[in-house]
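Engineer: Sharing a structure below in structure tokens format, with a few things to ask.
Each value in this text was obtained by applying a stated rule to the coordinates, not by laboratory testing. Everything quoted here is computed from the prediction, not taken from an experiment. Here Cβ is always computed from backbone atoms with ideal geometry, including for glycine, and neighbour counts include all displayed protein chains.
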Amino acid sequence: MTESGVVERERGGLRERKKRATRQALHDAALRLTLERGPEHLTVEEISAAAGVSPRTFFNYFPGKEQAIIGDDLFAVEAPEIDSIMTSAPSVLDGMQAIALAMAADAVTRREQVLLRWQVITRYPALITRMFARLEEFHAIVASAVAVRVGMPPDDAYPQLMAAMTTTGIRVAVQRWTAGQGDDPLERHVAEVFGLLTSELTAARGTY
């Protein structure tokens, strides 16, 4: 690669880091101000000012204040990674746990943000409706990965059930983690939840 190419790549990397930092600053400001004032009393202008950007810049990242409060990094593990995890796992249950652990690894790098977001959602449950679109997308991705693994259509009962169990397991693990204010690693809660799930399903097989 030429020197100019290296410089351009470095500039591109710097731009992306700045974008991520701005997005996180807006999300953090929205979370903190929501806990202080409530979502109904919060404005885009106040979020922007707290993050040190203009309202015009705000709208480059989020279409409105509720999206900024919830963020756009829920269930951040994307389809190619989920497909790869499920394909290489020893079993579907192992794949489900590995997907949850991949999400946990991403979440722990943003521990304070995740904890704040959970506090906001717990205090203002009406905001949960904003999570449904991303949750449904994640569910569909996991169901598709399971379907490929077992050779079924993704809308069959088994892929749909395994996807639902994955999202529920993640939700329970995060709830337990946030209830303890993150004293125990999120990965430990994920291992606990999916360990219980695996043992129960294994025991159930033995009864038939």
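Engineer: Round to the nearest 0.05 the FRET efficiency obtained for Gln67 and Thr198 when R0 = 30 Å and r is the Cβ-Cβ distance.
Structural biologist: Details: r = 36 Å, r/R0 = 1.20.
FRET efficiency, Gln67 to Thr198: 0.25.
Engineer: Full-extension gain between Thr129 and Ala50, please, as 0.36 nm times their residue separation minus the C-alpha to C-alpha distance. The partial results should precede the final answer.
Structural biologist: On the way: separation 79, 0.36 × 79 = 28.44 nm, distance 2.54 nm.
Additional length available on full extension: 25.9 nm.
Engineer: Points 7 angstrom from Cα along the Cβ direction at Gln113 and Tyr158: gap in nanometres?
Structural biologist: The answer from the label model is 3.8 nm.
Engineer: Once both labels are modelled 7 Å past Cα along the beta-carbon direction, what's the Val150-Ser91 spacing in nm?
Structural biologist: Distance between label points: 1.3 nm.
Engineer: Follow-up question, since we're still on this one. Determine ³J(HN,Hα), in whole Hz, for all residues of the range 37-47 in sequence, where each value follows from phi through the Karplus function 6.51 cos²θ - 1.76 cosθ + 1.60 and θ = phi - 60°; x replaces Gly and Pro.
Structural biologist: For the range 37-47, the Karplus curve yields 10, x, x, 5, 9, 9, 10, 4, 4, 5, 4 Hz.
Engineer: Using 0.36 nm times the number of residues separating Arg17 and Glu40, minus their current alpha carbon distance, what extension gain do you get?
Structural biologist: My answer for the length gained is 5.2 nm.
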